[in-house]
1. Which of (1) at pLDDT 95 or above; (2) within 21 Å of ASN182 (Cβ to Cβ); (3) of a type in the set (D, E, K, R) does GLU157 not meet, given it meets every other one?
2. May I ask you to list the residues in segment 145-178 that are farther than 22 Å from ASP263 by Cα and aliphatic (A, V, I, L, M)?
3. How many residues are open to solvent by less than 20 Å² (accessible area, probe 1.4 Å) and in contact with an Asp or Glu (Cβ under 7 Å, 6 or more places away or on another chain) if we restrict to segment 150-177?
4. Answer yes or no: is there a residue in segment 78-97 that is out of contact with any Phe, Trp or Tyr (no Cβ under 9 Å at 6 or more places or on another chain), within 22 Å of SER13 (Cα to Cα) and open to solvent by 40 Å² or more (accessible area, probe 1.4 Å).
5. Can you name the residue in segment 178-218 that is surrounded by 15 or more Cβ atoms within 10 Å (Cβ to Cβ), more than 24 Å from GLN140 (Cβ to Cβ) and among the aliphatic types (A, V, I, L, M) and, of all such residues, is modelled with the highest pLDDT?
6. For segment 232-250, name all the residues that are in a strand (DSSP E or B) and farther than 11 Å from SER168 by Cβ.
7. From the set of residues in segment 66-77 that are open to solvent by 30 Å² or more (accessible area, probe 1.4 Å) and among the hydroxyl-bearing types (Ser, Thr, Tyr), which is farthest from LEU108 (Cα to Cα)?
8. Just one of (1) open to solvent by 60 Å² or more (accessible area, probe 1.4 Å); (2) free of Cβ contacts under 8 Å to residues at least 40 places away in the same chain; (3) under 21 Å from ILE303 (Cβ atoms); (4) part of a loop (DSSP other than H, G, I, E, B) trips up GLN24, so point out which.
Amino acid sequence: MAQQPSVILATASYDRTIRFWEAQSGRCYRTIQYPDSQVNKLEITPDKQFLAAAGNPHIRLFDVNSNTPQPIMSYESHTNNVTAVGFQCDGNWMYSGSEDGTVKIWDLRAPGCQREYESRAAVNTVFLHPNQTELISGDQNGNIRVWDLTANSCSCELVPEVDTAVRSLTVMWDGSLVVAANNNGTCYVWRLLRGNQTMTNFEPLHKLQAHDGYILKCLLSPELCDPQRYLATASSDHTVKIWNVDGFTLEKTLVGHQRWVWDCVFSVDGAFLITAQLDLLWLCAASSDATARLWKVAEGEAIRVYQGHHKATVCCALHDGAESSPS
């Protein structure tokens, strides 16, 4: 078996394939056929061993370090498009959200769905709080809900704009901020009081009109960027914008994609720890123009274009940080 690359970069497309790329050269070194449906989201496990692909209505788990085209596991409990997928920090369990209106928890060490939460509307986005004990979901009706995994119940509900779909949610790495992006191109920002270990107290901080079109993904920068903090917003207007969280001023607009930008992910390479400034911040974005691009954020330039998909590239996953071993 070939040695595992230090950077895992994968994309998925409406052409029903998943592609793995050499991040530096741009060469596609593995293609997985996904004939059952389109893939809506990709996520890599913290230990870099597995890739989860969220489809309709299932989730498939693939071995990152194998050439086997078949998934090693399939999770079958949702009844509609799976729109969100992610992992707990030690990789023991997975969470998902679906257009069937549910949020689910899956123990990767046991078959079947362990928990289910009812959102009562199509779920577009789910994010795990850094405390690992709360999930936050956003749905098509504009509801944001916090699911307390310890109490096994919904602990908080918010509706930033009535009947305006929440497309994406992100939480700052230290749990201090929550951002929700919607179909009107607006980001709502709340402060979570420091020292408060739960997401029950949202203090409105800012309303940002980020784009004229839909915001399809919002993402706060990782810990290694501190003390600088940034928000990325990817939009149907073909751009990704980088905002400084201190005042929410626009730092950069990444222009080059020819169609909607569906997804983006920050690099968290430990080599960037030394200065951790904007000039060493990298971002990968997936677009309907059938490409993914690696952006050097400070220059606003795409330094690598990943070409090979034949239809819209709708999601990407990047893991270039240190491996997190299961506890």
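The values are calculated or read from the model by the stated rules, or taken from the named source; none is laboratory data. Please read these numbers as outputs of a predicted model, since none were measured by experiment. No Cβ is skipped: glycine too gets one built from the backbone with ideal geometry, and neighbour counts run over all protein chains shown. Heavy atoms of the whole protein, side chains included, go into the accessibility calculation; ligands, DNA and RNA do not. Shrake-Rupley method; radii C 1.70, N 1.55, O 1.52, S 1.80 Å.
1. (1)
2. VAL146, LEU149, ALA151, LEU158, VAL159, VAL162
3. Qualifying residue count for the region: 1.
4. yes
5. Across segment 178-218, the extreme among qualifying residues is LEU205.
6. THR239, VAL240, LYS241, ILE242, TRP243, ASN244, THR249, LEU250, listed by residue number.
7. THR68
8. Of the numbered conditions (1) open to solvent by 60 Å² or more (accessible area, probe 1.4 Å); (2) free of Cβ contacts under 8 Å to residues at least 40 places away in the same chain; (3) under 21 Å from ILE303 (Cβ atoms); (4) part of a loop (DSSP other than H, G, I, E, B), the odd one out for GLN24 is (2).
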